[in-house]
Amino acid sequence: MGTQQRVLSGVQPTGNLHLGNYLGAIRNWVEIQHQYDNYFCVVDLHAITVPHNPAILAGDTYGIAALYLACGIDLQHSTIFIQSHVPAHCELTWLLNCITPLNWLEDMIQFKEKAVKQGENVGVGLLDYPVLMAADILLYQADKVPVGEDQKQHLELTRDIVNRFNHQFAKQDEPVLKLPDPLIRKEGARVMSLTDGTKKMSKSDPSELSRINLLDSADEITKKIKRCKTDPVRGLTFDDAERPECNNLLTLYMLLSGKTKAEVAAECEDMGWGQFKPLLTETTIAALKPIQEKYHQIMADKGYLESVLRDGREKAEDIAKQTLIQVKAAMGYSMPL
Ligand code: AQP
């Protein structure tokens, strides 16, 4: 274990997980987990950076942890825990806040996009989201962070914070914080909305028709694919900038069927939408069925899920505490006696 590189990633419990979260992030965690020592958290502190409903936060958080297991996260290689159960995340965020220039945060695309939606009510937490994310990663001294394309800028900011911290507080050649690398896979890195192929699929899109959730029923999947945006061109092709919806739907078919790009290109080159949509529907339902079955099994055994999260918290906390002590010592803090 000691020599393995460490991986850290997470998803916010801000609604149902969709195919973007799965294909951009969780599926990759599952595929790479055997090569690394992995920590996957449900980032519930991030979930309150936009207005949230307290009545469903805890339930959604447990649901996402269950989905990690249902998607194939293997506890032999991976630790699953809930971010707010490890207080070091908040403490390191404060310490890092004090060395992070405000203008770095104001430049973040996600902040600008989400702040616009909230108008006057935008909270400080939304601006600070990337520092909390940096704390999540750095507490575990992660080597790799598998995420979708939309998180690339936040990873770059994390690296800038590491360099600044080490430069200000670490001895030369003895860095306190480790520089993490993003792991972004080309295919699935940016799954697009079903109603607009130029916008990413997102939990916060007001239209349910824009995304397929991992827990959608067969009827819902059928309806969403039937009504998704297409174009009038016959013959389906990848990588045509004029046909973003076509590229997105073919990519979904490729990833969910497990076929190669060349196989899908050959299979679909003469197809019309009337032939392709039922194929994509059937493939999506079949790909999600085992995940859904496993999810319902796990949710029916609350004691099991709680024990997974308890063990996860203990393991995560051991590592997080050590890093926090090193950071505070480097910054000159006295240690409690
Ligand atoms: N459309 C996407 N394509 C590929 N990857 C995606 N991810 C999110 N959307 C796509 C990846 O999923 C992981 C978890 O994301 P998150 O829940 O922490 O936050 P998010 O990026 O804010 O998710 P959403 O759905 O886009 O929520 P809203 O609507 O609130 O912004 C990350 O690795 C992310 O890259």
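Give the percent of DSSP beta bridges with both residues in the chain that are antiparallel, rounded to the nearest 5. In the chain, DSSP labels about 15 percent of beta bridges as antiparallel. Output the direction-averaged projected area (hull surface divided by four) of the convex hull of the alpha-carbon atoms of region 198-337, in nm². Over every viewing direction, the Cα hull of region 198-337 projects on average to 14.2 nm².
Ranked from largest, the principal axis spans of the Cα set of region 105-148 equal 37, 20, 14 Å. Taking a quarter of the surface of the Cα convex hull of the chain gives a mean projected area of 19.0 nm². A straight Cα-to-Cα reach below 22 Å connects LYS112 with the lysines LYS152, LYS199, LYS200, LYS203, residues fewer than 8 places away in its own chain not being considered. For GLN12, the shell of other residues with beta-carbons less than 14 Å away shows a net charge of -2, using +1 for Lys and Arg and -1 for Asp and Glu. Taking the convex hull of the alpha carbon positions in region 269-311 and averaging its projected area over all directions gives 4.5 nm². Taking label positions 7 Å along the Cα-Cβ direction at both ALA265 and VAL233, the computed distance is 1.4 nm, reported to one decimal. Over every Cα atom in region 12-62, the radius of gyration and the widest Cα-Cα span, Dmax, amount to 12.8, 38 Å.
Our note on the geometry: Cα centres of region 102-129 and region 180-257, 27 Å apart. Note on region 10-49 and region 266-337: Cα centroid distance 4 Å, given to the nearest whole angstrom. Computed about its Cα centre, the charge dipole of region 11-151 is approximately 180 debye, with only Lys, Arg, Asp and Glu carrying charge at their Cβ.
Considering only LEU96, LEU126, PRO336, the residue lying farthest towards the positive end of the dipole of the chain is LEU126, judged by Cα position with unit charges set on Cβ.
Quick note: the coordinates plus some simple rules give every number you see, no bench work behind them. Note that the structure is a prediction, hence the values are computed from the model and not measured. Cβ atoms come from the backbone with ideal geometry, glycine included; neighbour counts cover every protein chain shown.
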